[in-house]
Amino acid sequence: MFEDLKERGFYQQSTHPEELAKSLQEERICCYVGFDPTADSLHVGHLIPLMGLAHMQRAGHRIIALMGGGTAMIGDPSGKTEMRKMLTEEQLQSNIEGMLPQMERFLDFSEDAILINNAEWLRDLNYIDFLRDIGRHFSVNRMLSFETYKIRLESGLSFLEFNYQLLQAYDFLELNRRYGCTLQMGGNDQWANIISGTDLIRRVERKDAFGWTYPLLTTSSGKKMGKTEKGALWLDPSRTSAYDYYQYWVNTEDGDVEKFLALFTFLPLDEVQELGKLQGADIREAKQKLAFEATALIHGEESALQAQQSAQSLFSGTGKGDKSNVPSTKIAADSFSAGLGIFDIFLETGLCKSKGEARRLQSQGGVYVNDERIDDPDYCLGEVDLLEGEILLRAGKKRYHRLISGT
């Protein structure tokens, strides 16, 4: 399993890799990943840790999804240039409840998997006892040597955030004591926090524990994964529709297709490699497979199929077929009588972030109404543009939005 996950791209580094590989091969272990509930939905950046846990569970290991209801009240400084926004206990609990349905798409909590909130043991810690029992095992000099803290020292690191590493290490210790958890997994920006936990277990419990990090992915062109014209790509269907989710994956850069098939689907590796060999126009088949499998994981197969059919209908050039999954906005019928400015409507529908962006898009020939290019900056949408009660807007080659006339 260790080699399989490495081949899929889930491995950046680990502590004692030979011993870890042997442990995974010879016994059933318990591992965990932490999730800070700073929003009420997970996003595409959480997919690698979720998929990693899912692979571990499918291989028969016991998994823990640790919700950081306690640590999120402080905020992890890792990878951040400024202090995170402080959230209340009520906000954090609400966020956890929002994230749970998405986690259940990947993890079976009825089959020896655990979802637990670290506020359960962190909320009522006695600070004096914590410093005496846990804090004495940490070297300030060593902590300051980690890149996470070096970066923040330049802009200002609060004492509140400086405690975060101790608390995450304590989480690992607590899970080791309660459940025999011996492996913490996470993004490579968590390396310092993870090895602090393995060291703490070794010092306090005199036991071996392991850390394993995933690579922090960007696209082949260097862009951060999950960023779209509308912002983050959320796993909550009410935030990102099945159609938009499908479109994100089907528009994957050619150089990323095989890598993303290995990471973000459960397809066998030999099938992934065969799809990765496709070149030229044939690579569209691999992209459609990636988009369908990734969308089905989050939205279900039926929604994924509808999104696929909607996309194929639009890109076929016939204008026929089911467009129900294409993002839409209902506009009052009398608004069409008054006329709707083309830049205003591209901003309102989210096809552009500003009127300035819409103007630049038009100057590049990328503004379309019902598949007709619009070059007039003063163009106003009216009743004449309505086809069977709706208007199809397009930004560039691939982003669509429906305007539906209604009351």
Taking region 2-214, how much of its Cα-Cα pair set, in percent, is spaced more than 26 angstrom apart? 31 percent
So for the pair Leu131, Asp371, with labels modelled 7 Å out along Cα→Cβ, what separation do we get in nm? 7.2 nm
For the chain, count the residues as N, evaluate 2.2 N^0.38 Å, and divide the Cα radius of gyration by that value, please. 1.13
Among Ala311, Pro237, Phe266, which residue has its Cα positioned farthest towards the positive end of the charge dipole of region 227-315, with +1 placed on the Cβ of Lys and Arg, -1 on the Cβ of Asp and Glu, and the dipole taken about the Cα centre? Pro237
Positive-end residue, region 2-214 charge dipole about Cα centroid, Cβ charges, pick of Met103, Val204, Asn126: Val204
Let's see if you can work this out: charge +1 on each Lys and Arg Cβ, -1 on each Asp and Glu Cβ, no other charges. What is the dipole magnitude of region 328-406 about its Cα centre, in debye to the nearest 20? 580 debye
Any idea which of Ala333, Gly389, Cys352 is furthest toward the positive side of the dipole for region 328-406, if Lys and Arg beta-carbons carry +1 and Asp and Glu beta-carbons -1? Cys352
What are the residues whose amide H is under 5 Å from the amide H of Gly69, where those residues sit 5 or more places off or on another chain and H is modelled from the backbone? Asn118, Ala119
Of all DSSP beta bridges in the chain, antiparallel share, percent nearest 5: 45 percent
Given points 7 Å out from each Cα along the Cα-Cβ axis, report the Lys224 to Glu18 separation in nanometres with one decimal. 3.9 nm
Simple spin-label estimate for Lys353/Asp270, 7 Å along Cα→Cβ, in nm, reads 4.6 nm
Phi to ³J(HN,Hα) by Karplus 6.51 cos²θ - 1.76 cosθ + 1.60 over region 390-397, Hz, x for Gly, Pro: 8, 10, 9, 9, 9, 10, x, 8
Cα Rg, Dmax (largest Cα-Cα span) when computed across region 289-404, Å: 15.0, 44
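Gain in length, Glu111 to Arg177, computed as 0.36 nm per residue apart minus the alpha-carbon separation, to one decimal in nm?
Numbers: separation 66, 0.36 × 66 = 23.76 nm, distance 2.09 nm.
Result: 21.7 nm gained on full extension.
When the expected Rg is taken as 2.2 N^0.38 Å, what fraction or multiple of it is the alpha-carbon Rg of region 244-308? Working shown, then result.
Values: Rg = 10.8 Å, N = 65, 2.2 N^0.38 = 10.7 Å.
Dividing the Cα Rg of region 244-308 by 2.2 N^0.38 Å gives 1.01.
So how strong a dipole does the chain carry about its Cα centre when Lys and Arg Cβ are +1 and Asp and Glu Cβ are -1, to the nearest 20 debye? All intermediate terms of the calculation are to be shown ahead of the outcome.
Values: 45 positive and 60 negative charges, 196 e Å.
Dipole about the Cα centre, nearest 20: 940 debye.
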When Ile64, Ile404 are ranked with the fewest other C-beta atoms within 10 Å first, the list becomes Ile404, Ile64
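Since every read-out is calculated from the coordinates, none of them should be taken as a lab result. Since the model is a prediction, treat every value here as computed from it, not as a measurement. Neighbour counts run over all protein chains shown; Cβ positions are idealised from the backbone, glycine included.
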